[in-house]
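The values are calculated or read from the model by the stated rules, or taken from the named source; none is laboratory data. Fair warning: this is a prediction, and the values are worked out from it, not measured in the lab. Neighbour counts are summed over all protein chains in view; Cβ atoms, including those assigned to glycine, are modelled from backbone coordinates with ideal geometry.
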Amino acid sequence: MTAIRNILVGGSALVAAVALAGCSLEGTSKAGNGSEGESNVVAYEADYPAYDSIDEVIEESDVIIRGTVVGAQVRELLPEASEGDDPAANPQAGVSPEEAAEVDPVIVTVSTVKVAEVLSGPAGGVEAGDTVEVSQLGGTVDGVTYKEEQTTHLVKGTTEYVLMLADHGPQAPYDLLNPTQALYTVTPGEKVEAVADDGFGNAGSVGQLAAKARTIGSAR
């Protein structure tokens, strides 16, 4: 049987978790041991803000960084308790405290990113050489894989990313404004390329993107 439940996560996405009992995802590494095999799957359906241009993503970003992933871990995140009786704004409207306490946590993968360059951000904020945490939906826990179809997880290693991030406060990881429109890699020629097909293809070079971010920032 398929079960659907709505969850508010991190202030940036409304998530519906669809439990697909008995389905398998081949070739998925299970958390903690790196082995491959079959696992049950929970499909997350997330509603993210969408943007009409890369300029809009830059303008809405709290910080834009260039960096590489040096580590990652899967975490369980309890959904935010939103108040109000409007189901559109509060997916848990009408749910009793007892039922709310039984809501499953949301599974996220939190990557630790070593910052090589800050392309945009407030003075006194993130600096080159810092490490920051970036949260993305999904991960594998106890043989169950949680997936969100728009999300491409960051990969530990030498791949350089440009990440356009939302800041949720000092105690919370950053997250991407949009999983496809705010995630880019850097080529050996310094070109910024979208990871997903529906990312923006006109980001230009790292230098051009940084200059555009400064221009947009000064116009605020």
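When region 155-186 is examined, which residues are found to be surrounded by fewer than 14 Cβ atoms within 10 Å (Cβ to Cβ) and either small (G, A, S) or touching a Pro at 6+ places or on another chain (Cβ under 8 Å) (or both)?
Answer for region 155-186, where residues must be surrounded by fewer than 14 Cβ atoms within 10 Å (Cβ to Cβ) and either small (G, A, S) or touching a Pro at 6+ places or on another chain (Cβ under 8 Å) (or both): G157, G169.
Which of the residues that make up region 187-220 are surrounded by 14 or more Cβ atoms within 10 Å (Cβ to Cβ), polar (S, T, N, Q) and out of contact with any strand residue (DSSP E or B) (no Cβ under 6 Å at 6 or more places or on another chain)?
Scanning region 187-220 gives a single hit, Q208.
Find the strands (runs of 3 or more DSSP E) located wholly in region 142-216 whose residues include 2 or more that are over 17 Å from A72 (Cα atoms) and out of contact with any Cys (no Cβ under 7 Å at 6 or more places or on another chain), and list them.
Of the strands (runs of 3 or more DSSP E) lying wholly inside region 142-216, those with at least 2 residues that are over 17 Å from A72 (Cα atoms) and out of contact with any Cys (no Cβ under 7 Å at 6 or more places or on another chain) span 144-148, 161-166, 183-186, 192-194.
Which pairs turn up if I take residues in region 38-54 that are surrounded by fewer than 14 Cβ atoms within 10 Å (Cβ to Cβ) and look for partners that are at pLDDT below 90 with beta carbon separation below 9 Å, at least 6 apart in sequence or on another chain?
That search, which allows pairs on different chains as well, returns D47/A13; D47/L14; D47/V15; D47/A16.
Does any residue in region 147-166 that is of a type in the set (V, I, T) come within less than 6 Å, Cβ to Cβ, of a residue that is crowded, with 19+ Cβ neighbours inside 10 Å six or more places away or on a different chain, and which pairs are these?
Going by the 6 Å Cβ cut-off, the qualifying pairs are T151/Q136; T151/L137; T151/G138; T151/P179; V162/R66; V162/Y184; V162/V192.
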